[in-house]
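The block underneath contains the structure these notes are about, expressed in structure tokens.
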Amino acid sequence: MDTSKNYYPFWKIEHQRSELLRSREIIDFVDYGAKAEGKSITDQRKVSEIASSSLSGKWQCRTMFNLVNHYKPRNILELGTSFGISTAYLASTNSKVEVLSLEGNPTSATIASKVFSNLSLKNVNVRVGEFSKTLPEAVEDLKTIDLAFIDGNHRKIATLKYFEFLKKYSNTSSIFIFDDIYWSDEMNDAWEEIKNDSDVAFTIDLYRMGLVFFDKTIMKKQHFTLINYRWKPWKIGLFG
């Protein structure tokens, strides 16, 4: 997977990232899960501060772009829109792919919508609210999930809950991407349980994120860890 290739949309999306990293705007920020178990916390933070800590990195976004470009899913479900940078990479591969992104924080979703408008992306639908309410409706609309990017709640219980729920809507070609699998001991424990789930065909550990595949016709159950991918991802031609 060559993440060094400069596909046409990359520079436009990275320009939007740069604008967010420079923004001094202060917004209300609602945290539904990362700080408090079962409670939401609202405070005011600079857009630049949120962008620097919560946006998926460039190589990570390009990896997901290449995954979508190679496997060509018909739909994508994202848990955690933030300001829409990862969403933009997922949606930019093909204007026909349906990208449904869920975000808990209303002001973040508003900023993401501006990013999509600036990039002329019309195949993204953002739904705002707690995942417990928006997720069931989303999967009912999609019927089956071709690709899911789970980046909305970095707790073990929540991560496993999303996995078990989304798994019901997977197919043999489905790919699940879990962000920050080494964020904490909790997240690493969740990743270990997901790896060993009987429905999982094989997994790929890219350190910053874990890829889950369900097609058991490809190979026996295996777990791959690509250590060098953390530092030089462009040297691994994993997906052609």
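For the reader, a short list of remarks on this structure follows.
- Of all the listed residues (Phe202, Phe165), the sole one being surrounded by fewer than 20 Cβ atoms within 10 Å (Cβ to Cβ), touching a strand residue (DSSP E or B) at 6+ places or on another chain (Cβ under 8 Å) and aromatic (Phe, Trp, Tyr) is Phe202.
- With respect to the conditions (1) more than 24 Å from Ala190 (Cβ to Cβ); (2) in contact with a strand residue (DSSP E or B) (Cβ under 8 Å, 6 or more places away or on another chain); (3) of a type in the set (D, E, K, R), Lys72 falls short on a single one, namely (2).
- Of all the criteria given as (1) modelled with pLDDT under 95; (2) surrounded by fewer than 16 Cβ atoms within 10 Å (Cβ to Cβ); (3) assigned to a loop (DSSP other than H, G, I, E, B), the one not satisfied by His70 is (3).
- Scanning segment 110-168 for residues that are of a type in the set (S, T, N, Q) and either assigned to a loop (DSSP other than H, G, I, E, B) or over 15 Å from Val97 (Cα atoms) (or both) gives Thr110, Ser113, Ser117, Asn118, Ser120, Asn123, Ser132, Thr134, Thr144, Asn153, Thr159.
- Residues of segment 5-24 satisfying the condition of being surrounded by 11 or more Cβ atoms within 10 Å (Cβ to Cβ), modelled with pLDDT under 95, in a loop (DSSP other than H, G, I, E, B) and not basic (Lys, Arg): Tyr7
- Filtered residue count, segment 92-106, keeping only those that are out of contact with any Lys or Arg (no Cβ under 9 Å at 6 or more places or on another chain) and free of Cβ contacts under 8 Å to residues at least 60 places away in the same chain: 1
- Segment 173-213 - residue that is in contact with a His (Cβ under 8 Å, 6 or more places away or on another chain) and in a helix (DSSP H, G or I) and, of those, nearest to Thr159 (Cα to Cα): Met187
- Within segment 185-224, restricting attention to residues that are of a type in the set (Ser, Thr, Tyr) and within 25 Å of Lys161 (Cβ to Cβ), the residue that is modelled with the lowest pLDDT is Tyr207.
- Any hit, segment 168-182, residues being more than 16 Å from the chain's Cα centre (by Cα) and among the hydrophobic types (A, V, I, L, M, F, W, C): no
The values are calculated or read from the model by the stated rules, or taken from the named source; none is laboratory data. In this text, all values refer to a predicted model and were calculated from it rather than measured experimentally. Please note: Cβ atoms are built from the backbone with ideal geometry, for glycine as well, and neighbour counts cover all protein chains shown.
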